[in-house]
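I have placed the structure first, in the form of structure tokens, so that the comments after it can refer back to it.
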Ligand SMILES: *Cc1c(COP(=O)(O)O)cnc(C)c1O
């Protein structure tokens with residue numbers, strides 16, 4: 001094993017701002033009020049921010065509940081979080097993982113009767129209750145109990161109170177970030193109310209009702225209930241153009257500054273410089289032809305390092321505070337940018353791929369529009385190998 005100190009340097013790095021996170025959490029808290037628990041959604045390696053770096057940052061910002069999409073991710077959070085923090089699995093959990101999940105007090109969604117029966121058996125065997133959230137189907141049509149199965153699940157819950165703790169009743173909104181979906185969200189909330197009525201008729205009470213995601217915090221704070229599950233927003237991104245527009249329109253007169261701050265800055269440095277004569281092609285094939293004598297800088301990363309290939313000939317990076325446009329295709333592990341207008345550019349210069357440098361800034365949104373990718377898709381694919389560190 002090589003020691004940490006002798007590890008080879010990676011070709012890019014991600015810096016996370018504690019101050020930005022604090023600002024975003026404060027904004028979310030303002031929106032939902034004092035009562036609801038804010039569950040920090042850290043699936044997909046904390047949306048690319050890095051679970052092991054991000055989780056302690058969130059704890060420092062007052063978060064003690066984390067949501068993930070799988071048993072595998074729950075394990076990563078358990079390794080990173082404080083003993084008092086809670087972890088909740090909203091998605092896939094295999095039967096083979098039930099024993100350790102129950103042993104560690106990890107909460108999890110149940111959306112099928114057959115699972116609930118297995119959970120009861122494992123909880124009995126481990127001598128510890130399982131903390132289950134019953135997910136109900138209200139119109140998203142991915143996972144969730146229909147009213148019929150739900151009734152049976154409640155019967156099991158009543159009968160096996162020693163093995164099952166009713167930690168939550170929940171559902172997921174089907175696209176709350178688009179205002180044109182409003183009618184569908186309203187119908188979902190009506191159906192959720194029906195499920196709540198069934199629960200209270202059976203004289204049961206979950207610890208928490210929860211339905212809200214980032215867009216709900218912005219567009220439907222009245223549905224914050226006992227907990228909101230927030231991903232996108234806590235990282236400082238708007239969950240879609242409608243949500244940003246809604247906020248801007250409501251605050252046009254009173255406030256100028258955005259209530260959100262991007263946590264992530266993604267950086268690399270100039271690998272090499274080269275003069276290219278007019279009419280030469282740059283990189284593979286004929287994707288880019290020099291229209292004049294040019295000076296180009298080579299970047300030491302490519303699509304295998306998480307830089308979207310769709311930015312070929314389209315994206316920009318920041319060098320010495322100025323924008324440098326990408327020329328040619330994004331290769332597997334290099335790409336080139338035009339620095340003809342930045343004459344003092346030198347090998348080793350800092351390059352900002354996402355974030356601010358001097359007066360200029362490159363947003364993830366600018367990527368998405370070019371590459372036709374959602375913010376979340378691009379950041380959640382940032383390789384785990386990129387080192388992450390925290391800045392104030
Ligand atoms: C991903 C996810 C969330 C968080 O969504 P954001 O829009 O990023 O806040 C909430 N709930 C469930 C069930 C999810 O899968």
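Quick check on the stretch 89-112: of everything there that is in a helix (DSSP H, G or I) and out of contact with any strand residue (DSSP E or B) (no Cβ under 8 Å at 6 or more places or on another chain), which residue is nearest to residue 70 (Cα to Cα)?
If we filter the stretch 89-112 for residues that are in a helix (DSSP H, G or I), which is where we start, we get 95-103.
If we keep only those that are out of contact with any strand residue (DSSP E or B) (no Cβ under 8 Å at 6 or more places or on another chain) too, we end up with 95-97, 99-100, 103.
On the way: 95: 12, 96: 13, 97: 10, 99: 15, 100: 13, 103: 16 Å.
Here the residue is 97.
Counting only residues that are touching a helix residue (DSSP H, G or I) at 6+ places or on another chain (Cβ under 6 Å) and closer than 16 Å to residue 17 by Cβ, which one in the stretch 376-389 is surrounded by the most Cβ atoms within 10 Å (Cβ to Cβ)?
Top of the filtered list is 379.
Against the conditions (1) crowded, with 18+ Cβ neighbours inside 10 Å; (2) in contact (Cβ under 8 Å) with a residue 24 or more places away in the chain, where does residue 89 fall short? Just the number, please.
Among (1) crowded, with 18+ Cβ neighbours inside 10 Å; (2) in contact (Cβ under 8 Å) with a residue 24 or more places away in the chain, the lone unmet condition for residue 89 is (2).
Quick one: which strands (runs of 3 or more DSSP E) sit completely within the stretch 207-279 and have at least 2 residues that are under 16 Å from the mean Cα position of the chain (by Cα) and crowded, with 17+ Cβ neighbours inside 10 Å? Before the answer, list the steps.
Working: elements: 208-212, 227-230, 264-269, 272-276.
Ranges flagged: 227-230, 264-269.
With the condition kept exactly as written, say whether any residue in the stretch 47-61 is modelled with pLDDT of 95 or more and closer than 26 Å to residue 150 by Cα.
Of all residues in the stretch 47-61, those modelled with pLDDT of 95 or more come to 47-61.
Filter once more, so that each one left must be closer than 26 Å to residue 150 by Cα: none.
No, there is no match, as no residue in the stretch 47-61 is modelled with pLDDT of 95 or more and closer than 26 Å to residue 150 by Cα.
Restricting attention to the stretch 28-44, and to residues there that are assigned to a helix (DSSP H, G or I) and away from the ligand (no atom under 13 Å from the Cβ), which single residue is surrounded by the most Cβ atoms within 10 Å (Cβ to Cβ)? Spell out the reasoning first.
Step one: of the stretch 28-44, the residues assigned to a helix (DSSP H, G or I) are 28-32, 43-44.
Retained after the next criterion (residues that are away from the ligand (no atom under 13 Å from the Cβ)): 29-30.
Values: 29: 15, 30: 11.
Among them, the one singled out is 29.
Restricting attention to the stretch 51-60, does a residue exist that is touching a helix residue (DSSP H, G or I) at 6+ places or on another chain (Cβ under 6 Å), within 16 Å of the ligand (Cβ to nearest atom) and closer than 23 Å to residue 171 by Cβ?
No, the stretch 51-60 has no match at all.
How many of the residues making up the stretch 167-198 are under 18 Å from residue 157 (Cβ atoms) and in contact with a helix residue (DSSP H, G or I) (Cβ under 7 Å, 6 or more places away or on another chain)? If you could, list the steps in order and put the result at the bottom.
So in the stretch 167-198, the residues under 18 Å from residue 157 (Cβ atoms) come out as 167-171, 192, 194-198.
Next cut, in contact with a helix residue (DSSP H, G or I) (Cβ under 7 Å, 6 or more places away or on another chain) only: 169, 171, 195, 198.
Going through the stretch 167-198 one residue at a time, the tally reaches 4.
Hey, among 317, 390, 337, which residue is in a strand (DSSP E or B) and either more than 24 Å from residue 275 (Cβ to Cβ) or within 16 Å of the ligand (Cβ to nearest atom) (or both)? Step through it out loud before you land on a result.
Numbers: 317 fails: either more than 24 Å from residue 275 (Cβ to Cβ) or within 16 Å of the ligand (Cβ to nearest atom) (or both); 337 fails: either more than 24 Å from residue 275 (Cβ to Cβ) or within 16 Å of the ligand (Cβ to nearest atom) (or both).
On inspection, the qualifying residue turns out to be 390.
Within the stretch 317-368, which residues are touching a helix residue (DSSP H, G or I) at 6+ places or on another chain (Cβ under 8 Å) and surrounded by fewer than 18 Cβ atoms within 10 Å (Cβ to Cβ)?
332, 333, 365
Being closer than 17 Å to residue 42 by Cβ and within 8 Å of the ligand (Cβ to nearest atom): is that true of residue 228 here? Before you say what the answer is, go through the steps one by one.
On the way: closer than 17 Å to residue 42 by Cβ: yes; within 8 Å of the ligand (Cβ to nearest atom): no.
No.
Just name the residue that is nearest to the ligand (Cβ to nearest atom) out of those in the stretch 161-206 that are within 25 Å of the chain's Cα centre (by Cα) and in a loop (DSSP other than H, G, I, E, B).
My answer is 172.
Count, please, the residues in the stretch 83-102 that happen to be within 13 Å of the ligand (Cβ to nearest atom) and either under 24 Å from residue 59 (Cβ atoms) or touching a helix residue (DSSP H, G or I) at 6+ places or on another chain (Cβ under 6 Å) (or both). Break it down into steps so the answer makes sense when it comes.
Initially, the stretch 83-102 is screened for residues within 13 Å of the ligand (Cβ to nearest atom), giving 88-92.
Within this subset, residues satisfying the condition of being either under 24 Å from residue 59 (Cβ atoms) or touching a helix residue (DSSP H, G or I) at 6+ places or on another chain (Cβ under 6 Å) (or both) are 88-91.
Residues in the stretch 83-102 being within 13 Å of the ligand (Cβ to nearest atom) and either under 24 Å from residue 59 (Cβ atoms) or touching a helix residue (DSSP H, G or I) at 6+ places or on another chain (Cβ under 6 Å) (or both): 4 in total.
Please go through the stretch 233-254 and give me each residue that is within 21 Å of residue 58 (Cβ to Cβ) and either more than 10 Å from the ligand (Cβ to nearest atom) or at pLDDT below 95 (or both), ordered by number. Steps first, please.
Keep residues of the stretch 233-254 that are within 21 Å of residue 58 (Cβ to Cβ), which gives 233-239.
Passing the criteria: 236, 237, 238, 239.
Residue check: is residue 329 more than 16 Å from the ligand (Cβ to nearest atom) and within 30 Å of residue 8 (Cβ to Cβ)?
Details: more than 16 Å from the ligand (Cβ to nearest atom): yes; within 30 Å of residue 8 (Cβ to Cβ): yes.
So residue 329 passes the test.
The values are calculated or read from the model by the stated rules, or taken from the named source; none is laboratory data. No experiment lies behind these values; they were computed from the predicted model shown. With ideal geometry, Cβ positions are generated from the backbone for all residues, glycine too; neighbour counts draw on all protein chains shown.
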